[in-house]
Amino acid sequence: MGNYGERSPEAPNSRGRRLLLVFALLFSLCFSHIHQGSVWTDGVRYAAIAKNIILDGQYFRLYDDYTEAPYVNKPPVLFWLIAASMKALGYSTFSVKLPGALIAFGAMLLFAAGACWLFDSRTALLAVLLFSANALFFRSVVDINFEGLILCGGILLLFALLRLTHLLHLDFITALALGLGAAFLLISKPPYLLFAAPALAYALACAGWRGVLPPSIAVSAALIVPILAGMSWMPFVFSQDNVGTVLENQIVEPLTMSGGYWRNFRQWLVVIFGYFAPLSVVGLYVVCRDLIAAVKAKRRQETLLFLWIIPVLPIVLFAVCRARYLLIPLLGLALLSGRYLAATLPVRFILLLERFCLLVTVVLPVAVFGFNFQFHKTHPILAAMRMQPALLEQGIRICVGRGEIGDIEHPAKKRTEMLLELEYGVKVEVDDPGTLNWTEEGEQLLLADAKCQTQLEQQGVELRTEKEFRRAALVRASSVRQ
């Protein structure tokens with residue numbers, strides 16, 4: 001692996017062509033599909049919180065309709081962005097997903113630019129492909145989530161530390177990148193700053209205490225001002241009453257394994273070698289092949305990249321299996337793997353890969369807009385109402401299957417009510433199989449999802465289907481059989 005700034009020879013037009021291809025590919029991956037489907041799980045909560053910001057003008061005291069209580073679990077910046085998008089474009093799946101998609105797009109462009117600056121455009125293209133070629137990026141990072149902000153912070157910190165280990169002193173650009181990287185993590189998920197600790201400690205050790213002292217007021221300001229800005233929301237949100245709630249959500253919950261240690265560990269193995277393949281497979285080979293040699297040869301930038309990956313071990317051993325926890329460490333793995341493949345793959349193969357990327361860039365929007373190919377699911381009740389809008393006007397009762405998450409007895413019911421209110425601007429009451437009241441005649445017309453129908457039949461209710469939708473149906477439910 002080459003040293004910092006040691007690029008492989010390539011023609012300027014080749015570099016420009018590859019970077020333009022990366023831009024087009026990321027644009028297609030991030031924006032071609034975000035209008036599809038409906039918001040799900042936490043996305044419904046986040047959109048409702050953003051709606052409340054628009055209605056009551058409270059930018060720091062957020063209110064969560066889901067728990068019917070103030071929301072303090074996460075920093076407010078993402079909700080401000082969603083609220084701004086909803087205010088400008090109105091509520092839609094597209095408008096609430098747009099801020100997350102823009103941030104993820106910007107983060108990956110920054111990653112590609114950093115890889116090209118550190119190595120070459122071949123490495124940039126391969127690193128971006130390895131990192132984004134998985135369902136987590138396509139369906140979660142480019143969504144109503146904090147992952148885009150987290151990636152921005154992680155990428156800025158990573159390249160700032162690589163620059164520091166090369167220069168061995170703190171200049172304005174390095175200080176600004178460090179400050180902005182920390183700020184992005186502070187406005188998304190502050191505990192993720194811990195993931196950069198091993199690499200940060202190594203970079204500081206390489207530079208020495210003289211190297212890390214800011215040489216001027218401008219450099220000090222470039223480092224400190226973004227960090228203070230990233231922390232500025234905290235006094236408005238945190239109080240003595242809710243610190244425990246925040247710590248529970250950010251620290252305790254990720255370390256609480258409900259299904260047993262070994263089951264959680266097996267899930268991690270599936271995520272790493274299934275979900276994140278081929279990045280994990282190539283990356284593991286590169287780590288086993290080059291780690292000891294890099295440390296012995298004192299190749300500082302390569303050693304730092306290996307240290308950037310180290311948090312994968314404690315995450316897998318001690319944290320609940322959630323794939324997004326690995327995003328920051330995998331940035332380093334993507335760089336190492338991309339550099340290795342760029343140096344070993346035949347030029348002809350890389351050219352074929354470029355053509356494949358161009359094909360994906362064109363085919364993806366054609367499939368979405370030309371053939372209406374669906375990459376995202378739509379809530380079954382909402383899908384039925386979109387197919388037959390008169391269902392809402394007719395006042396037909398809606399029923400969704402029961403379920404439990406944590407202390408909230410029936411999340412599906414609550415989320416469906418919130419989603420329908422976001423979509424149609426009116427409160428719609430949703431039932432579940434346990435709350436339906438049967439008349440003496442014992443027959444009701446219901447719009448029920450598949451889970452609700454199964455649970456009603458298990459209770460002995462006779463169902464007669466009037467009209468089928470996808471994963472839902474308009475049914476006549478007769479009273480419980482004796």
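All of the numbers you see were taken from the coordinates with simple rules; none came from a lab. Note that the structure is predicted; figures quoted are calculated from it, not measured. All Cβ positions, glycine included, derive from the backbone under ideal geometry; neighbour counts span all protein chains shown.
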Given the Cα atoms of region 248-404, and with Rh set as the inverse mean 1/r over their pairs in the Kirkwood sense, what is Rg to Rh to two decimals?
1.13
From the phi of every residue in region 167-182, what ³J(HN,Hα) in whole Hz does the Karplus formula 6.51 cos²θ - 1.76 cosθ + 1.60 yield, where θ is phi - 60° and glycine or proline is x?
6, 6, 7, 8, 9, 4, 5, 4, 4, 5, 5, 4, x, 5, x, 4
Cβ charges +1 (Lys, Arg) and -1 (Asp, Glu), total dipole of the chain, debye
2040 debye
Relative contact order (percent) for the chain, with alpha-carbon contacts under 8 angstrom and 6 or more residues of separation?
17 percent
So how do Phe318, Phe105, Phe172 line up by other beta-carbon neighbours within 10 Å, fewest first?
Phe318, Phe172, Phe105
With the cut-off at 1.5 for a/c, could you classify the chain from its C-alpha gyration tensor as rounded, prolate or oblate?
prolate
Counting pairs on different chains as well as pairs 8 or more places apart, how many Lys pairs in region 12-370 have Cα atoms under 28 Å apart?
10
Just going by the charge dipole of the chain, with Lys and Arg at +1 and Asp and Glu at -1 on Cβ, which of Leu20, Ile315, Asn249 is farthest out on the positive end?
Leu20
Of Asp431, Asp120, how do they rank once you tally other Cβ atoms within 10 Å and put the fewest first?
Asp431, Asp120
Where does the charge balance sit around Met86 when Lys and Arg score +1, Asp and Glu -1, over other residues with C-beta under 15 Å from its C-beta?
0
Apply the Karplus parameterisation 6.51 cos²θ - 1.76 cosθ + 1.60, with θ equal to phi minus 60°, to every residue of region 134-148 and state each ³J(HN,Hα) to the nearest whole Hz, in sequence, with x for glycine and proline.
7, 5, 4, 5, 5, 10, 10, 5, 8, 6, 7, 9, 8, 5, x
Take the alpha-carbon centre of region 284-345, take the same for region 108-162, and report the distance between them in whole Å.
14 Å
At a 10 Å Cβ-Cβ cut-off, how would you order Phe119, Phe27, fewest neighbours first?
Phe27, Phe119
Taking the Cα centre of the chain as the origin and placing charges on Cβ (Lys, Arg +1; Asp, Glu -1), which of Pro198, Phe349, Ile217 is farthest toward the positive end of the dipole?
Phe349
What are the residues whose amide H is under 5 Å from the amide H of Ile398, where those residues sit 5 or more places off or on another chain and H is modelled from the backbone?
Asp431, Leu447
Using the Karplus curve 6.51 cos²θ - 1.76 cosθ + 1.60 with θ = phi - 60°, work out ³J(HN,Hα) for each residue of region 372-377 in order, rounded to whole Hz, and write x for Gly and Pro.
6, 5, 9, 8, 10, 7
Using only Cα atoms and rounding to the nearest 10 degrees, what angle (0 to 90) does helix 121-132 make with the longest principal axis of the chain?
30 degrees
Along the charge dipole of the chain, which of His169, Leu109, Ala448 sits closest to the positive end, that is, farthest toward it, with unit charges on the beta carbon of Lys, Arg, Asp and Glu (+1, +1, -1, -1)?
His169
Given the peptides 199-211, 259-271, arrange them by the average over their residues of other C-beta atoms within 10 Å, most packed first.
199-211, 259-271
Going by alpha carbons, how many degrees (0 to 90, nearest 10) lie between the helix axis of 93-118 and the longest principal axis of the chain?
20 degrees
Would you please give the residues with an amide H less than 5 Å from that of Val39, counting only those at least 5 places away or on a separate chain, with H modeled from the backbone geometry?
none
